[in-house]
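Below is one structure, written out as structure tokens; comments come after it.
The values are calculated or read from the model by the stated rules, or taken from the named source; none is laboratory data. Given the structure is predicted, the values throughout are model-derived calculations rather than measurements. Cβ coordinates were reconstructed from backbone atoms using ideal geometry, including for glycine residues, and neighbour counts include every protein chain displayed. The protein model used for the area step is the full one, side chains on, heavy atoms only, and it has no ligands, DNA or RNA in it. Shrake-Rupley method; radii C 1.70, N 1.55, O 1.52, S 1.80 Å.
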Amino acid sequence: SGGKDWGNGLFKCFDNACMCIWVWCVPCGAVCMNVAEAKLITDSDKATTAMIVHCLLTCCCGVYGLCYTRYQIAKKMGIEENIFLSWALDCFCTCCAMTQEWMEVADSKLGSKKKFIWDAFKK
């Protein structure tokens, strides 16, 4: 054990309704921003590659790509979650799971779960 739980509940996706709608309409873009803001890779050259890889995984492999990204974000943020739970959430609650990831990343990296994806560009 030892890991923490998600700071934002799965079904709290409408705490940031705009991002929930963004995730629904532009899922691959949302994955790219989650990966970029979570800083899964800190080397800037490799970070761009990581964003592209995660985006392609999501676009080409669907739920498996989402699952891998969610699991990596959880691991990076110190959240305890097994890959099977990540898979189930991404299969059955895709928008809520992706919005939860964004709110967790935004809380940690941008200072508020209410931030929008385009706020990441204003740093």
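The figures follow:
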| item | result |
| --- | --- |
| Every pair of residues 6+ apart whose Cβ atoms lie under 9 Å, when the first sits in the range 84-96 and is open to solvent by less than 50 Å² (accessible area, probe 1.4 Å) while the second is of a type in the set (Lys, Arg) and in a helix (DSSP H, G or I) | SER86/ARG70; LEU89/ARG70; ASP90/ARG70 |
| One residue from LYS76, LYS46, LYS113 being without any contact (Cβ under 8 Å) to a residue 24 or more places away in the chain and either open to solvent by 40 Å² or more (accessible area, probe 1.4 Å) or more than 17 Å from ASN16 (Cβ to Cβ) (or both) | LYS46 |
| All positions within the range 1-27 that are more than 14 Å from the chain's Cα centre (by Cα), of a type outside the set (Lys, Arg) and under 14 Å from GLU81 (Cα atoms) | SER1, GLY2, GLY3, ASP5 |
| Residue list for the range 5-22, restricted to those being touching a Phe, Trp or Tyr at 6+ places or on another chain (Cβ under 7 Å) and closer than 12 Å to ALA97 by Cβ | CYS20 |
| Pairs with Cβ under 8 Å, 6+ apart, first in the range 1-21 and farther than 17 Å from ALA74 by Cα, second open to solvent by 50 Å² or more (accessible area, probe 1.4 Å) and outside any loop (DSSP other than H, G, I, E, B) | CYS20/PHE14 |
| Total residues in the range 49-62, condition within 10 Å of VAL31 (Cα to Cα) and open to solvent by less than 60 Å² (accessible area, probe 1.4 Å) | 5 |
